[in-house]
Amino acid sequence: MSTANRPEDINCPTSEGLAGFQGGFLESPRGHHQPLLRLEWDPQKTRLIRDRLEVLTFDPAGRLFSFSAQGSVWRRGMDGRVLEIIHDHDPRADMPACNFHEGRVTGLEEAEKWHHWVGKALAEARQRFGPHPALEAPTRFDWKADAEAFLSIFRPVGILPPDQYRALVLQLTWGCAYNKCTFCDFFKKDTFRLKPPDEFREHVRRATDFFGPSLRGRKGVFLGEANAVGIPTPALMEALAIVREVLAGCPEAEPPRFEKVCSFLDTFSTDRTLEEWRALRDAGLDRLYLGMESGSSRVLKFLRKPGSADLSVHLVELLKKAGLRVGPIVMTGVGGLEMAEEHLHETAAMLNRMPLEPEDRIYVSEFMTVPGSEYETLARQAGMHEMTRMGCRVQSRQLRSMLKFDPPPHGPAVALYDVRQFIY
Ligand code: SF4
């Protein structure tokens, strides 16, 4: 497909959607009461840009992925909700580029209002560009039916690592097998369950059917939920074989993106040997995101999270030897002002003992107390002083400055993990 800057220049494909097309764009200039309008497309996405300010992004099935409007970024969740990500610069911050974000999930009524706004933007684009194939799928997309179909296959996805927001999530387990950490409320109401092989195979089949052409815009497989990789090794091997088998029959899931499987793992629920980890890597397991939270035993005890700095370091050594990539996740601000020094120094020391490489990534999650959580009650009882958001940011920067690793591309990246920006 060639590119052009006037609608009349385009010789459009009309029937097969955008698969196989390299991409292109159309632009319609600003007119009387009309914004500048630009339509861009490639096999992974369609973008509609109004006056360079409002950007709507759709996946290949026409599903709205995100849009920017009214100074915020908005993301549509698969379950029909919409997340507003509000950029919040703290003018008191005596630090360069100290940006915070707030996340607000809309109710379904407000989401409906946005669906209507998107519909109007698409109608305007059709009127100005004509029936272009890049607009076909977004225009005929049924938001409500899509959300219902999603919820008939998936449970709402509670959390993912930031670089996995666009993965194909496959839910092998439900809930968390441990479920006792005081700060975590993701799975508190759930009883842990591992899907039997036939049920999981059916889930993978339905999930890949549901995404269909959208798989072209998805970035690999994430095996959920919580510590799904903590299940017995034979069950995990069988699950990885099912993922391979079903995706191999799916033309949209082209290799190598879908040959690699990522997942969360806690640091205490498995005592696999090196050989077992190697076999899992050979079966497709690729990167594990490790919820470590702190290098301080006192903080871990307060969080009621089993494990220790030694155990975390040992696990990373084992996983690296097995050829897996790792993503240690630590929090800043946990343990309040009272444990701040100990938490900072022992967490930095723990990370510095790990044999991390450029392909690995350290995640720093700035803690926020979940209202009504056990952590909140225990902190209050202990007379603990909570760290402010700015205090957490300062601690994140201190932690980063204490790490011995070379900066990328010679060492692991260090990235913020902001749960406020997540919706699947
Ligand atoms: S192990 Fe992870 S998922 Fe389970 S309760 Fe603790 S933090 Fe939450």
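Just flag the GluC sites (Glu not before Pro) in segment 125-210 sitting in loop per DSSP whose Cβ has no more than 12 other Cβ atoms within 10 Å.
Passing sites in segment 125-210 do not exist.
Report, in deg cm²/dmol and to the nearest 500, the calculated mean residue ellipticity at 222 nm for the chain, where each DSSP H run with n ≥ 4 adds -39500 (n - 2.57) and the sum is divided by the residue count.
The helix contribution divided over the chain gives -10000 deg cm²/dmol.
Sort all Cα-Cα distances of segment 275-328 into consecutive 10 angstrom bins from zero, then give the percent of pairs in each bin up to the one containing the longest distance.
25, 45, 24, 6
Rounded to the nearest 5, what % of the DSSP beta bridges within the chain are antiparallel ones?
If we restrict to bridges inside the chain, about 60 percent are antiparallel.
What are the extents of the Cα atoms of the chain along their three principal axes, in Å, largest first?
Here the Cα extents, ordered largest to smallest, are 67, 54, 43 Å.
Over the chain, with a Gaussian network built from C-alpha contacts below 10 Å, which listed residue (Asp79, Asp59, Asp51) shows the highest mean-square fluctuation?
Among Asp79, Asp59, Asp51, the largest mean-square fluctuation in the Gaussian network model of the chain belongs to Asp51.
At what distance in nm do the modelled label points of Ala382 and Arg397 sit from each other, each positioned 7 Å from its Cα along Cα→Cβ?
Taking the simple label geometry, Ala382 and Arg397 are separated by 2.7 nm.
Counting only residues 5 or more places away or on other chains, whose amide H sits under 5 Å from the amide H of Gly224 once H atoms are built in the peptide plane?
Close amide H contacts, sequence-distant or interchain: Leu170, Gln171, Leu172, Thr173.
Report, ordered by chain and residue number, the lysines lying within cross-link reach of Lys189, taken as a straight Cα distance under 20 Å and ignoring same-chain residues fewer than 8 apart.
Lys180, Lys305
What percent do you get for the relative contact order of the chain when only Cα pairs under 8 Å and 6+ apart count?
Details: 756 pairs, mean separation 53.7, N = 424.
The value is 13 percent.
Cross-link partners among lysines for Lys45, C-alpha distance below 26 Å, same-chain residues fewer than 8 apart left out?
Within the straight-line limit of under 26 Å, Lys45 reaches these lysines: Lys113, Lys120, Lys144, Lys219, Lys260.
Give the relative contact order (percent, whole number) for segment 290-424; include only Cα pairs under 8 Å separated by 6+ residues.
Here the relative contact order equals 29 percent.
Assuming R0 = 56 Å, what is the FRET efficiency of Lys321 and Asp88, from their Cβ-Cβ distance, to the nearest 0.05?
Once rounded, the FRET efficiency stands at 0.85.
So what's the angle, to the nearest 10 degrees on a 0 to 90 scale, between helix 197-211 and the longest Cα principal axis of the chain?
40 degrees
Treat every Asp and Glu Cβ in segment 166-306 as -1 and every Lys and Arg Cβ as +1, leave all other atoms uncharged, and give the resulting dipole magnitude about the Cα centre to the nearest 20 debye.
580 debye
Can you tell me the orientation of helix 108-129 relative to the chain, as the angle in degrees between its alpha-carbon axis and the longest Cα principal axis, to the nearest 10?
Around 40 degrees separate the two axes.
Hey, any idea what Rg/Rh is for segment 354-399, computing Rh the Kirkwood way over Cα pairs?
Numbers: Rg = 14.5 Å, Rh = 12.9 Å.
Looking at segment 354-399, the ratio lands at 1.13.
With +1 on each Lys and Arg Cβ and -1 on each Asp and Glu Cβ, how big is the dipole of segment 73-180 about its Cα centre, in debye rounded to the nearest 20?
240 debye
With Kirkwood's inverse mean 1/r over C-alpha pairs for Rh, give me the Rg to Rh ratio of segment 289-375, two decimals please.
On the way: Rg = 13.1 Å, Rh = 13.3 Å.
That ratio equals 0.98.
What are the residues whose amide H is under 5 Å from the amide H of Gly23, where those residues sit 5 or more places off or on another chain and H is modelled from the backbone?
Counting only residues 5 or more places away or on other chains, the set is empty.
On C-alpha positions alone, give me the angle between the axis of helix 143-153 and the longest principal axis of the chain, in degrees, nearest 10.
Once rounded, one gets 40 degrees.
Taking the Cα centre of the chain as origin, work out the dipole magnitude from +1 charges on Lys and Arg Cβ and -1 charges on Asp and Glu Cβ, in debye rounded to 20.
Computed about the Cα centre, the dipole is about 260 debye.
Find how much the distance from Glu338 to Arg52 grows on full extension, using 0.36 nm per residue of separation minus their present alpha carbon separation; answer in nm with one decimal.
Taking 0.36 nm per residue and subtracting the Cα distance, the gain is 98.2 nm.
If amide H atoms are built 1.01 Å from N in the plane of the peptide, which residues on other chains or at least 5 residues away come under 5 Å of the amide H of Gly295?
Thr347
Tell me, what ³J(HN,Hα) does each residue in segment 413-424 have, in order and in whole Hz, if you take phi through Karplus 6.51 cos²θ - 1.76 cosθ + 1.60 with θ = phi - 60° and put x for Gly and Pro?
My calculation for segment 413-424 gives 6, 10, 9, 6, 10, 9, 5, 5, 9, 9, 8, 9 Hz in order.
No value in this document is a laboratory result; all are computed from the given coordinates. All of these numbers come straight from a predicted model, not from anything done at the bench. Note that each Cβ is placed from the backbone with ideal geometry, even for glycine, and that neighbours are counted across all protein chains shown.
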